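For reference, the structure is listed below as structure tokens.
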Amino acid sequence: MALSFDLGRQLDAQLRQAAEGLAAFSNDFAPEVRPADPRFGDFQANGVLAFAKKAKANPRQLATQLVDALIALDGFSGALVQPKKGEPTPPPNGIDYSIEIAGPGFINFRASTGVLAQWLGDFRDEDAFKKGASSRFEGRKIIIDYPSPNTAKQMHIGHLRPMVIGEAVARILEFCGANVIRDNHIGDWGTNFGTLIMAIKREGVDLGALGDNGLPEIERLYKLGTALEKEDPAVRDISRNELVQLQQGDAENTAIWQQIVALTNLVFEKTYARMGVTPDVTLGESFYCDKVDRIYTELTECGIAEESDGALVVWHDEVKKFARDNERPYPFNIRKQDGASNYGSTDLATVLYRVEHFKADEIVYITGGPQQDHFEQLFLTVDKWFTCKDYSKPQLEHVWFGTILGEDGKAIRTRSGESIQLASLLDEAVARASKMAAEKTKSPDLTDEEKAAIAEAVGVGAVRYADLSQNRTQDYVFAWDKLLAFEGNTAPYLQMQGARIHSILRKLGLQPGEGEEGASALETDTELALARKLLNFPVALEMAISDLRPHHLCTYLFELAGAFSSFFSADHVMVDEPDIKARRVMLCARTLAALETGLHLLGIQTLQRM
């Protein structure tokens with residue numbers, strides 16, 4: 001039987017095919033195949049129970065009919081078994097799956113050692129994994145809006161989450177076949193530039209002389225300008241005038257603004273490079289300023305937008321919290337009272353541009369939880385507007401995240417109450433990793449340059465993984481000792497396990513993929529447990545993409561590393577029997593491939609030596 005990369009999805013498709021020929025099942029039957037408790041099998045189909053309840057039928061009888069039809073399918077090899085209590089029943093010789101109908105109608109599948117061997121042979125490295133996964137989103141164009149920092153401000157720890165979550169989501173979707181466009185929608189337009197231009201002119205600052213690290217000076221100027229505006233209303237009027245001139249295309253103010261943007265981007269690019277973030281396009285809010293008039297016209301013509309206290313707004317009365325009769329009315333504001341555009345109008349223009357210019361099928365926004373209401377209103381407005389104009393609707397998704405907390409349970413800050421700069425945080429992570437590596441190094445022959453590269457990979461990887469391993473919608477506590485630990489669910493532990501497998505293969509004089517010829521069938525409990533855990537790599541990917549939550553992949557990698565440790569402790573690789581040695585070398589290589597592929601998808605550098 002030809003095997004798919006994702007055996008669970010393959011079984012799901014085969015069960016649907018089997019159900020099509022049965023009068024008792026309708027077209028809306030969903031098998032709901034998922035990983036099973038290892039005591040009962042590799043996969044379990046639970047969909048019969050829900051379908052039977054809806055159809056008012058006996059679920060076990062339906063399950064029996066479905067299994068009989070499945071076994072009769074061309075290209076499927078399975079046998080119904082009656083396992084002994086507490087003992088797993090492998091498939092009979094020559095059969096791919098043993099099938100058990102359990103309880104009221106659960107269907108359990110256990111793959112044969114032949115299926116395990118075939119799958120491990122077909123999917124042996126990152127390229128093979130990617131080829132197998134690519135059909136999931138093949139031909140689908142997805143734009144991911146991240147990391148989208150604000151111009152004229154240094155990145156702080158709050159920018160960590162959109163950067164690492166966005167990059168992981170982009171890599172996973174790309175791996176699964178999507179045509180991904182990373183759109184860095186920077187905040188490069190707004191009232192703050194009036195204040196900045198005023199302060200720059202007042203202080204006589206030459207932006208060209210600030211060099212590559214001028215952002216702290218720009219931030220100082222903005223704080224100075226804000227303080228001056230509070231002290232003297234006349235200064236505030238000057239700032240407003242500078243902003244108006246900028247919006248009207250004044251040459252001097254435009255040149256200053258362009259210098260601010262260029263200087264900021266230069267600094268940002270260094271952080272992007274360090275974090276492995278590679279935006280495909282950078283189209284900030286300024287890009288859409290000349291595109292908002294169409295928004296106002298079309299939403300008004302459609303009867304979606306209306307004037308309210310001088311502003312142009314959209315009401316969504318079908319949603320209580322956004323309704324005009326709510327105790328605290330909360331419309332979607334798309335044009336300010338003074339006629340200026342805002343986030344609402346530029347975000348609407350951005351959706352339209354992405355559909356018309358990029359032909360986007362889906363747009364994913366990576367932002368913090370406090371922006372949930374904004375995006376809910378944006379998506380509601382787009383739906384009504386695109387329906388009115390008969391525009392092609394993209395799928396819109398808000399991937400929001402919680403807050404990074406200090407060990408005191410509050411939003412993490414410096415002791416003085418300031419935001420922690422992201423570059424400083426990464427530097428500290430690398431310094432701590434370097435110190436820990438010096439204390440625990442097992443490779444004394446490493447050069448200083450190699451040690452520095454390892455410290456960078458471990459430190460930055462640890463910070464990244466500590467974020468990604470959390471359910472993104474939850475807050476989490478940032479703790480140095482925990483995230484840099486070489487045990488537990490951390491990047492250093494997983495990097496160390498990868499380096500350990502490389503070391504095993506080096507001692508055997510092998511490269512990954514070599515020395516597997518003549519391998520015998522998997523036999524021991526720990527060999528089989530590791531092989532079955534490898535089969536679940538596609539399942540982990542599916543879980544990660546189903547709601548765009550990378551922590552599912554992190555959990556899988558940690559469990560895989562644990563399964564490998566159990567295997568390596570119980571089953572020696574360097575044995576005399578060549579067939580046993582070959583199969584265990586193969587398991588080492590496949591574990592390494594899955595481990596490194598998973599870490600690469602998370603944006604974490606892998607290591608051959610530590």
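The values are calculated or read from the model by the stated rules, or taken from the named source; none is laboratory data. Here the structure is a predicted model, which is why all the values come from computation and not from measurement. Neighbour counts are summed over all protein chains in view; Cβ atoms, including those assigned to glycine, are modelled from backbone coordinates with ideal geometry. Surface accessibility is based on the protein's heavy atoms, side chains included, excluding ligands, DNA and RNA. Shrake-Rupley method; radii C 1.70, N 1.55, O 1.52, S 1.80 Å.
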At what distance in angstrom do the alpha carbon centres of the range 501-568 and the range 341-357 lie from each other?
-> 44
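Just how many % of Cα pairs in the range 227-381 lie over 26 Å apart, if you round to the nearest whole percent? Intermediate results must be reported in sequence, preceding the final value.
Numbers: 5139 of 11935 pairs.
Cα-Cα pairs in the range 227-381 separated by more than 26 Å: 43 percent.
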Please work out how much length the chain gains when fully extended from ASN150 to GLU231, using 0.36 nm per residue of separation minus the C-alpha to C-alpha distance, in nm with one decimal.
-> 26.6 nm
Please determine, in degrees from 0 to 90 and to the nearest 10, the orientation of helix 292-301 with respect to the longest principal axis defined by the Cα atoms of the chain, where the helix direction is its Cα long axis.
-> 80
Within the under-9-Å Cβ sphere about LYS201, not counting LYS201, Lys/Arg +1 and Asp/Glu -1 give a net charge of -2
Shape call for the range 422-601, from the Cα gyration tensor axes a ≥ b ≥ c (a/c under 1.5 means rounded, otherwise prolate when a/b beats b/c, else oblate), comes out oblate
Kindly express, to the nearest 10 degrees and within the range 0 to 90, the angle between helix 251-275's C-alpha long axis and the longest C-alpha principal axis of the chain.
-> 20
Expressed per residue, the solvent accessible area of the range 422-601 in Å² (1.4 Å probe) is about 41
Return the FRET efficiency for the residue pair GLN61, MET1: r is the Cβ-Cβ distance, R0 is 35 Å, and the value is rounded to the nearest 0.05.
-> 0.80
ALA582 versus ALA13, label points 7 Å from Cα toward the beta carbon: distance in nm?
-> 3.1
Total charge of the residues flanking PHE567 in space, meaning their Cβ is under 10 Å from its Cβ, with Lys and Arg +1 and Asp and Glu -1, is -1
Burial-style ranking of 362-375, 318-331, average other-beta-carbon count within 10 Å with highest first, yields 362-375, 318-331
Binned Cα-Cα distance frequencies in the chain - 10 Å width, integer % = 3, 14, 20, 22, 18, 12, 7, 3, 0
Between ALA340 and GLN258, what is the label-to-label distance in nm when each label sits 7 Å out along the Cα-to-Cβ direction?
-> 2.3
Provide the percentage of antiparallel DSSP beta bridges, counting only those with both residues in the chain; round to the nearest 5.
-> 50
Helix 537-546 sits off the longest principal axis of the Cα atoms of the chain, rounded to the nearest 10 on a 0 to 90 degree scale, by 30
Which of rounded, prolate, oblate describes the range 141-401, given a ≥ b ≥ c as roots of the alpha-carbon gyration tensor eigenvalues and a/c under 1.5 marking rounded, otherwise prolate only if a/b is larger than b/c?
-> oblate
Helix-derived mean residue ellipticity, 222 nm - over the chain, DSSP H n ≥ 4, -39500 (n - 2.57), to 500 = -16500 deg cm²/dmol
Among rounded, prolate and oblate, which fits the range 189-236 when a ≥ b ≥ c are the square roots of the eigenvalues of its C-alpha gyration tensor, a/c under 1.5 means rounded, and a/b larger than b/c means prolate?
-> prolate
Taking the chain and a Cβ-Cβ threshold of 4.7 Å, the cysteines left without a partner are CYS176, CYS289, CYS554, CYS588
